[in-house]
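Asker: I'd like to ask you about the structure that follows.
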Amino acid sequence: MLDLSWLRKEVGNLYCMDNGRPGIDPDVAVRLMLAGFLLGIVHDRRLLREAQVNIAIRWFVGYGLHEVLPDHSSLTRIRQRWGAERFRDIFKRTVKACIAAKIAAGEIVHIDASLIRANVSWEVLAVRHVVDVEAANPVEFEWKDRQSGKYKKICTTDPDATMATSSRNRRLEPAYKQHTAVDDLGGVVLDVEVSTGEENEGTAVEARLDAIASTTGVDITTATMDAGYAYAKVFRALEDRKIEAIVPAKVEQQPGKVIPTRRFKFDARHNLVRCPTGKILRPKGKLQRGSFQHFHASSKDCRTCPLRSRCVSPSRHARVVVFNINHPSLLRARRKRLRWGENEYNLYQRHRWRVEGVHGEAKTWHGLARAIRRGKDNMRIQAFLTAAAINLKRLAAALFVILLLFAAGFDHRSRLQRIALA
């Protein structure tokens with residue numbers, strides 16, 4: 001199921017054909033790497049030691065028992081020379097092969113993110129601080145920077161990894177975040193990308209949707225995500241692409257002493273906001289960072305309002321609320337969530353074991369629980385090869401089923417022929 005005949009021409013410009021030592025065949029290098037990920041042997045030294053005595057690996061890469069295998073350091077140099085994008089091309093080829101084999105459709109996708117522990121120790125973590133400001137204002141700096149996050153720890157040996165956690169009950173760890181899209185039909189990985197651990201999931205959705213459609217050549221009809229993606233910009237991106245969103249809304253905070261923003265009604269047609277007493281708040285000022293708009297109430301209206309004590313801060317004359325410019329998309333998604341039927345609930349249940357199952361499979365069987373090497377590009381290569389290995393497993397399983405059906409049909413025909421001859 002693995003065709004790498006195209007690879008030699010693709011990387012030919014990276015090699016000198018008439019000078020230096022003969023290079024390792026690109027087909028052999030990739031097959032060695034994939035063999036390691038298929039078997040969960042992710043470190044080059046251990047992989048080459050295993051390949052010395054493992055006939056199956058030698059057969060897979062095309063080496064006989066008498067042939068000398070490449071040195072483990074050659075794989076490192078090949079990864080550095082090729083770059084992450086060529087390994088993305090290898091992964092994309094497996095996706096297209098799954099589409100051609102009809103074990104993936106690309107119409108219903110499940111998207112989720114998972115943290116991958118960086119390959120660094122706790123001893124290399126340092127505290128970020130501003131030396132000059134600390135020296136000039138030690139007391140003020142001590143309080144303000146702890147509030148603003150300037151004391152967040154960073155990795156000195158792998159700056160691309162950032163501190164992140166998957167649960168409030170777990171401590172922060174240096175990590176990367178892998179964004180994964182899985183096909184609903186057969187669990188094929190359609191897209192993979194790696195970012196820093198602290199990057200929000202919602203910021204990566206738009207690019208991933210376009211990448212999936214570009215790779216599969218099929219328009220996405222339905223996308224499922226968990227509540228971590230329930231942002232206005234995500235719903236707007238799905239609406240712009242005419243994709244049905246199966247995303248549960250986030251749990252709203254319990255009402256407190258201050259009247260929350262959700263009590264204010266947003267009028268998207270006229271770009272106005274109405275407060276709980278029916279007064280109008282109008283937009284004022286420029287958009288903040290291109291995604292938020294401030295709406296100000298009239299000081300005259302707020303002065304005589306019976307809810308002023310619960311609504312307006314004592315230091316202000318009128319109430320100000322902030323809405324995302326994509327807020328109408330969020331409102332439509334919330335209303336749609338209330339009308340979910342059996343089909344929507346079933347799709348969301350499939351999301352939970354489809355994409356999260358792939359994450360568990362990759363971490364348990366293919367070594368993705370921890371980064372092998374340091375640097376974002378190395379982490380991307382690891383993610384691409386792991387996803388390619390998973391897709392090749394899906395292809396091999398589909399081929400095995402076809403062979404079983406073919407064998408059963410052949411046996412049935414042979415039995416009928418024997419009966420006819422008898």
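Asker: If we scan region 113-127, do we find a residue that is modelled with pLDDT of 75 or more, under 25 Å from the mean Cα position of the chain (by Cα), of a type in the set (Lys, Arg) and part of a strand (DSSP E or B)?
Answerer: Yes, some residue in region 113-127 is modelled with pLDDT of 75 or more, under 25 Å from the mean Cα position of the chain (by Cα), of a type in the set (Lys, Arg) and part of a strand (DSSP E or B).
Asker: What are the residues in region 206-230 that are over 30 Å from ALA396 (Cβ atoms) and crowded, with 23+ Cβ neighbours inside 10 Å, if any?
Answerer: The one that is over 30 Å from ALA396 (Cβ atoms) and crowded, with 23+ Cβ neighbours inside 10 Å: TYR229.
Asker: Residues GLY149, GLY187, GLY202: which one is at positive phi, crowded, with 16+ Cβ neighbours inside 10 Å and either over 13 Å from the mean Cα position of the chain (by Cα) or modelled with pLDDT under 95 (or both)? Walk me through how you get there before you give the answer.
Answerer: Values: GLY149 fails: crowded, with 16+ Cβ neighbours inside 10 Å; GLY202 fails: at positive phi.
Matching residue, one of GLY149, GLY187, GLY202: GLY187.
Asker: When you check SER291 against the structure, is it modelled with pLDDT under 85 and not β-branched (Val, Ile, Thr), yes or no?
Answerer: Yes, satisfied.
Asker: Need the failing condition index for ARG45 against (1) in contact with a Leu (Cβ under 8 Å, 6 or more places away or on another chain); (2) closer than 18 Å to LEU368 by Cα, just the number.
Answerer: (1)
Asker: Quickly run through region 364-379 and pick out the residues that are surrounded by fewer than 23 Cβ atoms within 10 Å (Cβ to Cβ) and either touching a helix residue (DSSP H, G or I) at 6+ places or on another chain (Cβ under 9 Å) or closer than 17 Å to ALA35 by Cβ (or both).
Answerer: Just the residues of region 364-379 that are surrounded by fewer than 23 Cβ atoms within 10 Å (Cβ to Cβ), to begin with: 364-367, 369-370, 372-378.
Of everything in region 364-379, those that are surrounded by fewer than 23 Cβ atoms within 10 Å (Cβ to Cβ) and either touching a helix residue (DSSP H, G or I) at 6+ places or on another chain (Cβ under 9 Å) or closer than 17 Å to ALA35 by Cβ (or both) turn out to be TRP365, HIS366, GLY367, ALA369, ARG370, ILE372, ARG373, LYS376, ASP377, ASN378.
Asker: Determine, yes or no, whether LYS284 is at pLDDT below 85, surrounded by fewer than 19 Cβ atoms within 10 Å (Cβ to Cβ) and over 34 Å from the mean Cα position of the chain (by Cα).
Answerer: It is true that LYS284 is at pLDDT below 85, surrounded by fewer than 19 Cβ atoms within 10 Å (Cβ to Cβ) and over 34 Å from the mean Cα position of the chain (by Cα).
Asker: Turning to a different aspect of this structure: From the list THR76, THR94, which residue is under 20 Å from the mean Cα position of the chain (by Cα) and either surrounded by fewer than 21 Cβ atoms within 10 Å (Cβ to Cβ) or among the polar types (S, T, N, Q) (or both)?
Answerer: Every option except THR94 fails the conditions.
Asker: Name the residues in region 7-32 that are modelled with pLDDT of 85 or more, surrounded by fewer than 12 Cβ atoms within 10 Å (Cβ to Cβ) and either polar (S, T, N, Q) or outside any helix (DSSP H, G or I) (or both), would you?
Answerer: Selection gives ASN13 alone.
Asker: Which one of LEU347, LEU307 is among the aliphatic types (A, V, I, L, M) and either assigned by TED's automatic domain parsing to the domain that holds ALA230 or within 30 Å of ALA181 (Cβ to Cβ) (or both)?
Answerer: Answer to the selection: LEU347.
Asker: Shifting gears a bit: Which of the following residues is over 20 Å from ARG370 (Cα atoms) and either without any contact (Cβ under 8 Å) to a residue 24 or more places away in the chain or part of a helix (DSSP H, G or I) (or both): GLY202, GLY187? Break it down into steps so the answer makes sense when it comes.
Answerer: Values: GLY187 fails: either without any contact (Cβ under 8 Å) to a residue 24 or more places away in the chain or part of a helix (DSSP H, G or I) (or both).
Exactly one of GLY202, GLY187 is over 20 Å from ARG370 (Cα atoms) and either without any contact (Cβ under 8 Å) to a residue 24 or more places away in the chain or part of a helix (DSSP H, G or I) (or both), namely GLY202.
Asker: Which one is farthest from HIS43 (Cα to Cα) among residues in region 371-391 that are in a helix (DSSP H, G or I) and either without any contact (Cβ under 8 Å) to a residue 12 or more places away in the chain or among the β-branched types (Val, Ile, Thr) (or both)?
Answerer: ILE390
Asker: Also, quick follow-up: Does PHE323 satisfy the criteria of being outside the structural domain of ALA230 (by TED's automatic domain parsing), over 30 Å from ARG370 (Cα atoms) and under 32 Å from the mean Cα position of the chain (by Cα)?
Answerer: Yes, satisfied.
Asker: Please work out if ASP71 is surrounded by fewer than 18 Cβ atoms within 10 Å (Cβ to Cβ) and in the same structural domain as LEU14 (by TED's automatic domain parsing). I'd like the intermediate steps shown before the answer.
Answerer: Working: surrounded by fewer than 18 Cβ atoms within 10 Å (Cβ to Cβ): yes; in the same structural domain as LEU14 (by TED's automatic domain parsing): yes.
So ASP71 passes the test.
Asker: Let me ask something else about it. Taking the conditions exactly as written (in contact with a helix residue (DSSP H, G or I) (Cβ under 8 Å, 6 or more places away or on another chain), basic (Lys, Arg) and not in a loop (DSSP other than H, G, I, E, B)), does ARG45 satisfy them or not?
Answerer: Judged against the criteria, ARG45 is a match.
Asker: While we're looking at this one, here's another question. Being within 18 Å of ASN326 (Cα to Cα), small (Gly, Ala, Ser), out of contact with any strand residue (DSSP E or B) (no Cβ under 9 Å at 6 or more places or on another chain) and not in a loop (DSSP other than H, G, I, E, B) is the filter here, so list the residues in region 210-254 that pass it.
Answerer: Passing the criteria: ALA227, ALA237.
The values are calculated or read from the model by the stated rules, or taken from the named source; none is laboratory data. Note that the structure is a prediction, hence the values are computed from the model and not measured. With ideal geometry, Cβ positions are generated from the backbone for all residues, glycine too; neighbour counts draw on all protein chains shown.
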